[in-house]
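Please read the structure below before turning to the comments.
The values are calculated or read from the model by the stated rules, or taken from the named source; none is laboratory data. Predicted model only: the values in this text are computed from it and were never measured. Because the Cβ atoms are built from the backbone with ideal geometry, glycine has one as well, and the counts that use them run over all protein chains shown.
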Amino acid sequence: MENITRSYNPVNYKITFDLKGSSFKRETKLDRKFWNQKLDQPGVLKDLNFILISKALGSKLINISEERCSQLIATLEADT
């Protein structure tokens, strides 16, 4: 699927999410709460991880430009 993108926070740590808009089997098991030390994670996280980390940090994990938003919407529309 093409609708996978990386999220970069202001200090350039990276997290990759595969978001589908569902909660059924949409969590990657994590050994620790890595976001308490360093917001960097290898592998791909899923919808429930995104919600958990967003709530824990109290901030947005994704900040995208209007142009990139349009590109993502076009990719999602083409993918349905």
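Restricted to the stretch 1-29, and to residues that are modelled with pLDDT of 65 or more and loosely packed, with under 13 Cβ neighbours inside 10 Å, which residue is nearest to the chain's Cα centre (by Cα)?
To start, the set of residues in the stretch 1-29 that are modelled with pLDDT of 65 or more comprises 14-29.
In the following step, the residues that additionally are loosely packed, with under 13 Cβ neighbours inside 10 Å were identified as 14, 21-25, 29.
Values: Lys14: 9, Gly21: 11, Ser22: 13, Ser23: 14, Phe24: 17, Lys25: 16, Lys29: 15 Å.
If we take residues in the stretch 1-29 being modelled with pLDDT of 65 or more and loosely packed, with under 13 Cβ neighbours inside 10 Å, then Lys14 is nearest to the chain's Cα centre (by Cα).
When only residues in the stretch 30-80 that are hydroxyl-bearing (Ser, Thr, Tyr) and in a loop (DSSP other than H, G, I, E, B) count, which is modelled with the highest pLDDT? Talk me through it step by step, then tell me what you get.
Here is the first cut: in the stretch 30-80, the ones hydroxyl-bearing (Ser, Thr, Tyr) are 54, 59, 65, 70, 75, 80.
Filter again for in a loop (DSSP other than H, G, I, E, B), leaving 59, 65, 80.
On the way: Ser59: 69, Ser65: 82, Thr80: 68.
The qualifying residue modelled with the highest pLDDT is Ser65.
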